[in-house]
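Student: Here's a structure for you.
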């Protein structure tokens with residue numbers, strides 16, 4: 001059984017509360033400015049831009065050093081299933097400097113490899129949502145084209161749901 005998805009909703013979660021430092025809360029605005037909504041529309045999708053949830057900026061949580069601000073993070077998530085989550089800090093940082101955690105240099109998949117992995121997931125009729133985490137646009141300062149590459153990957157992935 002194949003379900004054709006012609007409409008997507010984009011909800012920004014400007015949140016760095018559970019991260020290692022501030023910066024990721026900028027990601028929804030940067031991805032929109034890089035043309036995500038337009039890329040999805042150009043892929044033939046009816047796009048609803050749901051705006052952003054309230055901004056949450058990281059602050060030290062010394063009482064929970066291994067799960068910083070977990071309660072704040074959980075209460076900030078939108079309702080509904082999240083079937084596919086892309087945590088960009090697993091990517092090869094040399095290929096795609098997008099992540100808060102820069103320890104993945106020369107390890108992990110490239111953006112192209114990620115795209116090839118996401119397309120089958122996008123074609124799965126059970127897919128309901130795609131979330132992206134650990135994206136810190138300040139890491140791409142030396143390679144600003146990587147943000148457009150990432151937006152292109154997201155557009156191609158969501159277009160495969162049709």
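Each reported figure results from applying straightforward, stated rules to the coordinates on display, with no laboratory input. Please read these numbers as outputs of a predicted model, since none were measured by experiment. Glycine also receives a Cβ, built like all others from the backbone with ideal geometry; neighbour counts cover every protein chain displayed.
Student: Quick one: if you stick a label point 7 Å off each Cα along the C-beta vector at residue 138 and residue 55, how many nm between them?
Tutor: Inter-label distance under the simple model: 1.3 nm.
Student: If you don't mind, there's one more thing I want to ask. How far apart, in nm, are two points set 7 Å out from the Cα along the Cα-to-Cβ line at residue 46 and at residue 112?
Tutor: 3.6 nm
Student: Just order 128-139, 49-60 by mean Cβ neighbour count inside 10 Å, highest at the front, would you?
Tutor: In decreasing order of mean packing, 128-139, 49-60 become 128-139, 49-60.
Student: Would you mind computing, in nm to one decimal, how far apart the modelled labels at residue 64 and residue 131 are, each placed 7 Å from Cα along Cα→Cβ?
Tutor: 1.4 nm
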